[in-house]
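The values are calculated or read from the model by the stated rules, or taken from the named source; none is laboratory data. The structure displayed is predicted, hence computed values, not measured ones. We place every Cβ from the backbone using ideal geometry, glycine too, and count neighbours over all the protein chains shown.
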Ligand code: NAI
C-alpha cells in the first residue's frame, strides 16, 4: 500500500485548499475525489455556476429593463439558454482545470474514486484498502436535503444542481425554501421570465439574517416580481406528467400552486454516510455531522474533518479556512479560524452580505448596542450606477464602540463586506471605520457613513 503523510477525502474548497497547504508544507499528500472533476459542489454545481448564471440573467434583465433608463435602446433582446448554460459550463471547466493544475504544482497525487475509512491509518478507494496515511482529512461535503413528500425525480421535482442546467425557461416554478439557494436560483429563472413563487415555513426570506435586511430584501424581491408564500407549510407535491401541484397551508388556509418545476432548497446535509466512519470509530451525530474538537480533530487520533461535513455554516470559505488551519496544526504551526468573523453573502441583486452578530443576536446576548444605518440612496456612486436600493447597518457595543456586526444589502455587498470582516478581525471600533479615509465616489463610503451614524453624526443624511 502506498504511504502518505496526508490523505484528503473530497476535493471541494475545504479539501483541495487543505491539500495545497499540505503540499506547501512538504507533506506527501493525496486527494481522493469521487467525481470526474475536482472542486466539489462549489466549483461544479454550486457557487461558481450559480454566479455565472446570475451574471448572465442579470445582463438579460438589464438589457430588457434597465438600459432604457440610461438612454440606450435595445430591441429584439433574446435568450439563448443553451449558450448561457454552455458559458457557465466553460467557466466551471476553467476553474476545475485550474484546481487540477494547482494539485500538480503542489505535488499532490489526485486519485479518482470513492474514498472511505478502513480502520487505523488506512483509506479505501472504491471499497478496497489502498492507501496508508499518517493523517486523514475528511472533507466530504454536503448534499441537498430531500423532502419525503417531494422526492427528487430530477425532471419536475429538482434540486439546485438540476436548476443550474435547465434547457429552457419554465413557465412556473415553485421553490420550497426561501433561503440562499431559493433566492439565488429563483432570481436567475425569474429574471429570465419564469413566474417564481417561493414558499417557506419561516416568516421572512433567509430567516437567519438581520431582521432589517430580511424585510428590505422581501420588499425588493417582490418589486422584481418574485412571489412569496411565507409562514407556509408545504402539505404535498403531486406530480402528473410534466407538471406539479404544490399544496400549501398558509395561516390555516389551503392553497394549490401550479408548477412546471418544483425546486426543493430546504438546506443541505453532511454527506458522510459513505465514509464508513464506524470502521475507524469516528464519532458523528444523528444527522451525520462529524464531531470535531479544535482545528478539525475528530475523536480518533490522526483523523480530522472540515467543511460542510462538520458543524458550522456551509460556506466554501469557512471550509477553506478550516482546511488551512487544520493542516497547519498538523505541521505544528499556529493555524486558527475565527468563527465570529465569517462573512456570508447572498448573490442576488441587490446582494445581501453580513459578518458578525445581527442586531437581534447582539441584544439577545445581553449587549447594549448602538446601531448606525446609511442608505445607498444618499450615496453618490450608488445613484450614478442606478443602484440606490439598500443600506449598510453597523452594530457596535454601546460601551466600547467595538463593531459586533455589519450587514449590507446593496449592489456589490459581496465585495464591500470584506472591509467589515477585516475591521472586525482587527477588533475595530465603529470610530476606527468612521475615521478611515474611503475613496470618493464609492459605495464603500456608505460603510463609513454607517459607522459615523453609530455615533449619530453621519454627514450625508
Ligand atoms: P438555507 O438553510 O439557506 O434555506 C433553507 C430554507 O428552507 C429556510 O429558509 C427554511 O426555513 C426553509 N425550509 C426548511 N424546510 C422547509 C419546508 N419543509 N417547507 C418550507 N420551507 C422549508 O438552505 P439552502 O438555500 O438550501 O442552501 C443550502 C446551504 O448551501 C446553506 O447552508 C447555504 O449557506 C449554502 N449556500 C450558500 C450560498 C452562498 O454562500 N451564497 C449559495 C447557495 C448555498
Exercise. Of the residues 88, 83, which single one is within 16 Å of the ligand (Cβ to nearest atom), assigned to a helix (DSSP H, G or I) and more than 30 Å from residue 305 (Cα to Cα)?
Worked result: 88
Exercise. How many of the residues in segment 112-146 are within 21 Å of residue 42 (Cβ to Cβ) and in a loop (DSSP other than H, G, I, E, B)?
Worked result: 7
For this session: Keeping to segment 184-196, report how many residues are under 26 Å from residue 147 (Cα atoms) and crowded, with 24+ Cβ neighbours inside 10 Å.
Result: 6
Problem set entry | residue 225 vs. criteria touching a helix residue (DSSP H, G or I) at 6+ places or on another chain (Cβ under 8 Å) and free of Cβ contacts under 8 Å to residues at least 40 places away in the same chain | yes
Problem set entry | Residues (in contact with a strand residue (DSSP E or B) (Cβ under 7 Å, 6 or more places away or on another chain) and away from the ligand (no atom under 16 Å from the Cβ)) located in segment 203-237 | 212, 216, 222
Exercise. In this structure, is residue 103 surrounded by 14 or more Cβ atoms within 10 Å (Cβ to Cβ) and closer than 22 Å to residue 140 by Cβ?
Worked result: yes
Problem set entry | Set 215, 172, 155: member being surrounded by fewer than 22 Cβ atoms within 10 Å (Cβ to Cβ) and either touching a helix residue (DSSP H, G or I) at 6+ places or on another chain (Cβ under 9 Å) or in the same structural domain as residue 314 (by TED's automatic domain parsing) (or both) | 155
Exercise. Is it true that residue 361 is within 21 Å of the chain's Cα centre (by Cα), away from the ligand (no atom under 16 Å from the Cβ) and without any contact (Cβ under 8 Å) to a residue 60 or more places away in the chain?
Worked result: yes
Exercise. Can you name the number of the only condition in (1) crowded, with 24+ Cβ neighbours inside 10 Å; (2) in contact (Cβ under 8 Å) with a residue 40 or more places away in the chain; (3) within 8 Å of the ligand (Cβ to nearest atom) that residue 200 fails?
Worked result: (2)
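For every residue, the table says whether it meets (1) surrounded by fewer than 17 Cβ atoms within 10 Å (Cβ to Cβ); (2) farther than 30 Å from residue 223 by Cα; (3) outside the structural domain of residue 210 (by TED's automatic domain parsing).
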| position | (1), (2), (3) |
| --- | --- |
| 394 | no, no, yes |
| 415 | yes, no, yes |
| 437 | yes, yes, yes |
| 443 | no, no, yes |
